[in-house]
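Remarks on the structure that follows.
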Protein chains: 2
Amino acid sequence: MDVTPAEQFTAANLDRFLAELFDFLRIPSISAKSEHNGDTRHAAGWLRDRMRDIGLESEILETPRHPVVLGEWRGAGADAPTVLVYGHYDVQPAEPLELWTAPAFEPDVRDGRIYARGSADDKGQLFLHVKAAESLLAADGRLPVNLIVLAEGEEEIGSPNLIPFVEAHAERLACDVVVISDSAMFAPGLPSVLFSLRGLAYFEITVHGPASDLHSGSYGGGVVNPAMALARILGTLHDDSGRIAIPGFYDDVVDWGDETRAEIRALPFDDEEFREGVGVAALSGEAGYSTLERLWIRPTCEVNGLLSGYTGEGAKTVLPAHSMAKVSFRLVPDQDPARVAELLRAHIARVAPPETRVEIEELHGGMPWRGQVSGGLIDAASRALARSFGRRPVLTGEGGSIPIVGEFERILEAPVLLLGFALPGANMHAPDEWFPLENFDKGIVALAALLEELGSGAFAA
Amino acid sequence: MDVTPAEQFTAANLDRFLAELFDFLRIPSISAKSEHNGDTRHAAGWLRDRMRDIGLESEILETPRHPVVLGEWRGAGADAPTVLVYGHYDVQPAEPLELWTAPAFEPDVRDGRIYARGSADDKGQLFLHVKAAESLLAADGRLPVNLIVLAEGEEEIGSPNLIPFVEAHAERLACDVVVISDSAMFAPGLPSVLFSLRGLAYFEITVHGPASDLHSGSYGGGVVNPAMALARILGTLHDDSGRIAIPGFYDDVVDWGDETRAEIRALPFDDEEFREGVGVAALSGEAGYSTLERLWIRPTCEVNGLLSGYTGEGAKTVLPAHSMAKVSFRLVPDQDPARVAELLRAHIARVAPPETRVEIEELHGGMPWRGQVSGGLIDAASRALARSFGRRPVLTGEGGSIPIVGEFERILEAPVLLLGFALPGANMHAPDEWFPLENFDKGIVALAALLEELGSGAFAA
């Protein structure tokens, strides 16, 4: 396999690339904290300048809070495909600070890992795309595609302004494919492409009983107990086989078919290791599915929080007036959070005791995402990853939700390709976040190769 | 009906008695608050002095925290019965202060009620006994019985030192009957004697799942959710008819028989009024029993508190590591909290998911109490109450627990007579606590008549 001029450039400039990344990581662009607003803006300006340095047109575009940084290169011509890279330059807070081995914003290389807040999520991975573009531009004088880099500064606070931004700039952001690197590979040395994301339907359920807290001795037995009623309601949400017992809940659940299920079962995954890692006596879940299937392609119903009555030390004999549960569902293609909300409301209306009044508030919803498992785009990504990692990628699911993925597809009418280079256990929202040093090089090479593949025009599904 | 000299004395001195009571009520003897330790001791000394004033031997006896005040009159001779009156001179905190119409410790007479913290619970009712004794001693020069007044200062903090005190002084406190006035009549004008108290078995149940909180997207579906597991466990505690579904739970429950149940059903009780008062859409409870039966003679299982995961505003997608419920049972004769603890442990061991670890902590237990429903003591109380109120008392149950009642019977081997003069809605632990002015007079007359009845020696069962 011949080394390309771009790959030669990458190799020759790797130390400088890394030094630049460290500069980026040193800026504490914590979007959640207003005292870091200056740092967040500094990170945006820094990124704009680095994109200008390598030959992109770049500017900062305001949103109501933290700005978007846009980088563009349109030199490939109207016939060449346009690739939009999405990433974010903001980071999670670093607390608890005392649990970091080295300070969160002083990048530290230890044991082949770059430790720093943002190294994996997502500055480090966003920067791979910029350096891939630089390598191609420096070596070839041009890119094989038209490129748009869209970096937001609000991902860690729920991207409140991103969808309106994309909608407002849909024409300028028009593209043939969206590429996102904000995730992890399945295992070291095993490049991965995501084929699905779970969606979310999150509710707060409040059960109202008596008008005020009552003495459980004086009133207990004669008046409904809303905490007990809530427990009984929650107990109806699953059957004994771990399936969700809400009528109609599975109607829209995609059957991924034997081929995809076989691929999932073929992945190197050790139930026992997983069990030990989470610290439970035994794994559990929906009967008839493997752990990875339960996490990726099957929906869930979870209680995320419970609150009622007296929760302090010792005994208080209160019959509570209210009880509250946070209940969320992870959804899989082609479920819809609005439909799940309807089904849940109907179910609870059937099972709730008539002596209670139940309120259901919809706190949060996000569509699941169904990616491609074959076709030109997957083939292009596979070849690019194989060039860098020496093997074709595996297809993986993701139990969590990234609502913007579906939104990009909806607004821009372009498929999304999700491929990340972090590794499991990267501590993305925890102390000692890290990114594998090896994948800094390999990621740049893979992403440059991806642009070449996409530029060949063969990916259209 | 001739007015007795003691009754004449009571009538002639009522204004002075009331003024003295107000002095007592002005002392903020809040046992729970150490900044009121001086006030609590002041109340003890005030009570000792008032008992000395009327001719009792009285002294303060120390306990590890707030002292006991003992008053004694032994002049009736060894053949006369000895009556022990129990009450408490400490009071609940007055918070929230802003909800009192007049300040909590400035007694205020409005609409025929004495409003003040402690007016009903229990200074006001304890003082009735002292003034009954004064009236008899002043009018007759003697009491018809030997009298012991035992007033503790820790009832509102759970009487931590009372049982050891009674055990240590069992010989001195030896008596033929214990009389307690710390409760309410069933309705205005309807004197009441208690025939049962429910006991208590209070538990904290903790369900442990994964070793730490997990992301509900990344792990949900593959790992047990301890909040959902807790809800399912709690859901097994009742069947659909409102009966407790723990095997063996009803084995020791007394069947009070048709006569007592008929008496309960004959009481003037309006389900609709009760329902409106507590503010529920409908009443509920164990099938086959009336509301008063559910509250008095049937056991319950209540959730007093729930806590797990995220309970703040909005959505947090956490799969919690733990969940906690405070669960308590009200017990009826002849249930035993220790036996209920065994049954609960066995039941939860059967129903808890094997992926969880469940901890059950016994926080609090108290035996139920089974009083007399007929016999000499009830007849004596009936005649005394009829003399004052113009009608015989009704027998009532009490859904709450007063663990010391059973302890008095056990240690002193004497029956307990529970008759109170407050009224429903007395706000005993709430703002605007009150005691009916009319019952200040009637209570003193009834209690003096009770001592006469007991002195006649006809009450021994």
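What follows is calculated from the coordinates using simple rules that are stated; it is not laboratory data. Since this is a predicted model, take the numbers as computed values, not measurements. Counting neighbours? That spans all protein chains shown, and the Cβs are built from the backbone with ideal geometry, glycine included.
Excluding A:GLY112 itself, what net charge comes from residues whose Cβ is under 13 Å from its Cβ, given Lys and Arg +1 and Asp and Glu -1? Its environment carries a net charge of -1. For trypsin sites (Lys or Arg not before Pro), the sites in region B:126-190 that DSSP calls loop and that have at most 15 other Cβ atoms within 10 Å are B:ARG142, B:ARG172. Taking a cut-off of 29 Å, what percent of all Cα-Cα pairs in region A:1-151 are separated by more than that? Distances greater than 29 Å cover 21 percent of the Cα pairs. Averaging the sequence gap over all C-alpha pairs within less than 8 Å and six or more residues apart, then dividing by the number of residues, gives chain A a relative contact order of 25 percent.
Please work out, to two decimal places, the log10 of the ratio I(q)/I(0) at q = 0.10 Å⁻¹ from a Debye calculation in which every Cα of the protein assembly as shown carries one identical scatterer. The Cα Debye sum returns log10 ratios of -1.03.
Annotation for region B:159-228 versus region A:346-422: alpha-carbon center distance of 49 Å. Averaged over the residues of peptide A:270-283, the number of Cβ atoms from other protein chains lying within 10 Å of each residue's Cβ is 5.
Using the Cα centre of region B:92-209 as origin and beta-carbon charges of +1 (Lys, Arg) and -1 (Asp, Glu), tell me which of B:GLY141, B:HIS169, B:PHE186 is placed farthest towards the positive end of the dipole. Selected residue: B:GLY141. 3J(HN,Hα) along region B:155-169: 4, 6, 10, x, 6, x, 10, 6, 4, x, 5, 5, 5, 5, 10 Hz, from the Karplus curve 6.51 cos²θ - 1.76 cosθ + 1.60 with θ = phi - 60°, whole Hz, x for Gly and Pro.
Which parts of region B:352-389 would a label at B:GLU259 reach, counting a residue when its backbone N lies under 19 Å from a point 7 Å out along Cα-to-Cβ? Only B:370-383 fall inside the zone, counting backbone N under 19 Å. Proximity of backbone amide H atoms, modeled 1.01 Å from N, is registered between A:HIS364 and A:TYR202 at under 5 Å, excluding neighbours fewer than 5 places apart on the same chain.
Label sites at B:TYR250 and A:ALA430, each approximated as a point 7 angstrom past Cα along Cα to Cβ, lie 5.0 nm apart.
Express in nm, to one decimal, how much length is gained between B:ALA168 and B:GLU35 on full extension, taking 0.36 nm for each residue of separation and deducting their alpha carbon distance.
45.0 nm
The alpha-carbon positions of chain B define a convex hull whose volume is 169 Å³ per residue. Couplings 3J(HN,Hα) of region B:110-116, computed from phi: 9, 6, x, 10, 8, 9, 4 Hz, in residue order, whole Hz [Karplus 6.51 cos²θ - 1.76 cosθ + 1.60, θ = phi - 60°; x for Gly and Pro].
Annotation for region B:356-453: trypsin sites (Lys or Arg not before Pro) lying in DSSP loop with at most 15 further Cβ atoms inside 10 Å of their Cβ are B:ARG391.
Straight-line reach from B:LYS316: which lysines have Cα under 19 Å away, leaving out those fewer than 8 places along the same chain? The reachable lysines, counting only those whose Cα sits under 19 Å from B:LYS316, are A:LYS33, A:LYS326. Translational diffusion of region A:169-233 was estimated from the Stokes-Einstein equation, with Rh taken as the Kirkwood radius over Cα pairs; at 25 °C and 0.890 mPa s the coefficient is 135 µm²/s. Distances from A:ASP255 to itself in the other copies, using label points 7 Å out along the Cα-Cβ axis, amount to 5.6 nm in increasing order. Averaged over the residues of A:233-243, the number of partner chain Cβ atoms lying within 10 Å of the residue Cβ comes to 3.
The mean sequence separation of alpha-carbon pairs under 8 Å and at least six residues apart, normalised by the residue count of region B:318-425, gives a relative contact order of 25 percent.
Computed from Cα atoms, the angle from the helix B:14-26 axis to the main principal axis of chain B rounds to 40 degrees.
With only Cα atoms counted, region B:221-341 has Rg and Dmax values of 18.4, 57 Å. Using DSSP to call loops (not H, G, I, E or B), can you name the trypsin sites (Lys or Arg not before Pro) in region B:34-108 whose Cβ has at most 16 other Cβ atoms within 10 angstrom? In loop regions of region B:34-108 (DSSP not H, G, I, E or B), the sparsely surrounded trypsin sites (Lys or Arg not before Pro) are B:ARG65, B:ARG74.
Find the centroid of the Cα atoms in region A:135-149 and in region B:290-335, then give the distance between the two in whole Å. Result: 64 Å between the Cα centres. Taking other C-beta atoms within 10 angstrom as a stand-in for reagent exposure, B:ILE148, B:ILE297 fall in the order B:ILE148, B:ILE297, fewest first.
Please state the relative contact order of region B:141-231 as a whole percent: Cα pairs under 8 Å, 6+ residues apart? Numbers along the way, then the final one.
Numbers: 22 pairs, mean separation 12.8, N = 91.
Computed over region B:141-231, the figure is 14 percent.
Assuming R0 = 45 Å, can you tell me the calculated FRET efficiency for the pair A:GLU342 and A:ALA187, based on Cβ-Cβ distance, to the nearest 0.05?
It comes out at approximately 0.70.
Helix A:37-53 and the longest principal axis of the C-alpha atoms of chain A enclose an angle of approximately 30°.
For the pair A:SER374 and A:ASP53, what calculated FRET efficiency results from E = 1/(1 + (r/R0)^6), where r is the Cβ-Cβ distance and R0 = 45 Å, to the nearest 0.05?
Details: r = 39 Å, r/R0 = 0.86.
Efficiency, from the Cβ-Cβ distance: 0.70.
Evaluate E = 1/(1 + (r/R0)^6) for B:ILE157 and B:GLU413, where r is the Cβ-Cβ distance and R0 equals 25 Å; express this FRET efficiency to the nearest 0.05.
Values: r = 27 Å, r/R0 = 1.09.
For R0 = 25 Å, the calculated efficiency reads 0.40.
Helical content alone sets the calculated 222 nm signal of chain A at -10500 deg cm²/dmol, taking -39,500 (n - 2.57) per DSSP H segment of four or more residues and averaging over every residue.
In chain A, the longest principal axis of the Cα atoms and the axis of helix A:376-389 are about 70 degrees apart.
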